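In what follows, a single structure is set out as structure tokens and then discussed.
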Amino acid sequence: MMYEVTFGNGMKEVVYEKHKYLAAKKPRIKDIADYEMVELCDLKPNDRVAWARNYTVNDPINLSDDLLEILAIGLNRFEVDGETLHFKVHYSTSYLAMTLQRKYGGIARYETATIQDIAVSGRIYNVLSAYGMLNDKRLPKELFKCDNETLARWVFQAYKFVGGIGRRSHSRHGFYFRTLPVELGRDFAH
């Protein structure tokens, strides 16, 4: 069975009855632990959900969890030196540091008391290069061709690797990733 969902801004979409939304648990919405995947039947009026604005995917492609993880890691600040990436990792993103070192063979050295330079090559370099994320710092078009569940898995990865969410000033609407480079902000909002 299909249902029409109407959002607070008047936008509508038609979804399958088991469709899941990434929804914020009220009243706290400061980190990824405050969000959960909620089936359509469990949503209540005025729940806050993530959704794609005016964006329809016909014939979606779905990237593997391994690729989603690397694309999420690629949201962080890094410098390219030949075929080596140097991630500047703050102590507050320990999950990123641990993953780069243990899973991808990264070599860490401290630049300051709070920042590590973690050098990684191989798989991460190859994937970010193949998806065009090394120089232009844009999200790959393939990511936008994924279905909602795949995009939601990528968003969870992004929260784990990029850091927490901050509240915008009172004059600006919404929330933002604290350490997401500015040049990726528009793509992520899309």
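The values are calculated or read from the model by the stated rules, or taken from the named source; none is laboratory data. Computed from a prediction, not measured in an experiment: that's the story for all the values here. Virtual Cβ from ideal backbone geometry, glycine too; neighbours counted across all protein chains shown.
Quick notes
- Evaluation of Ile70 against the conditions (1) among the β-branched types (Val, Ile, Thr); (2) closer than 24 Å to Ala130 by Cα; (3) modelled with pLDDT under 85 shows that the sole unmet condition is (3).
- Contacts under 8 angstrom Cβ, first residue in segment 92-119 being among the hydroxyl-bearing types (Ser, Thr, Tyr), partner assigned to a loop (DSSP other than H, G, I, E, B) and surrounded by fewer than 13 Cβ atoms within 10 Å (Cβ to Cβ), 6 or more apart: Thr114/Tyr91
- Odd one out for Glu79, checked against (1) charged (D, E, K, R); (2) more than 15 Å from Ala158 (Cβ to Cβ); (3) at pLDDT 90 or above: (3)
- Helices (runs of 4 or more DSSP H) (entirely within segment 91-190) containing at least 3 residues that are modelled with pLDDT under 85: 148-162, 182-189
- Whichever residue in segment 61-76 is of a type outside the set (Asp, Glu) and not in a loop (DSSP other than H, G, I, E, B) and, among such residues, is nearest to Ala158 (Cα to Cα): Ala72
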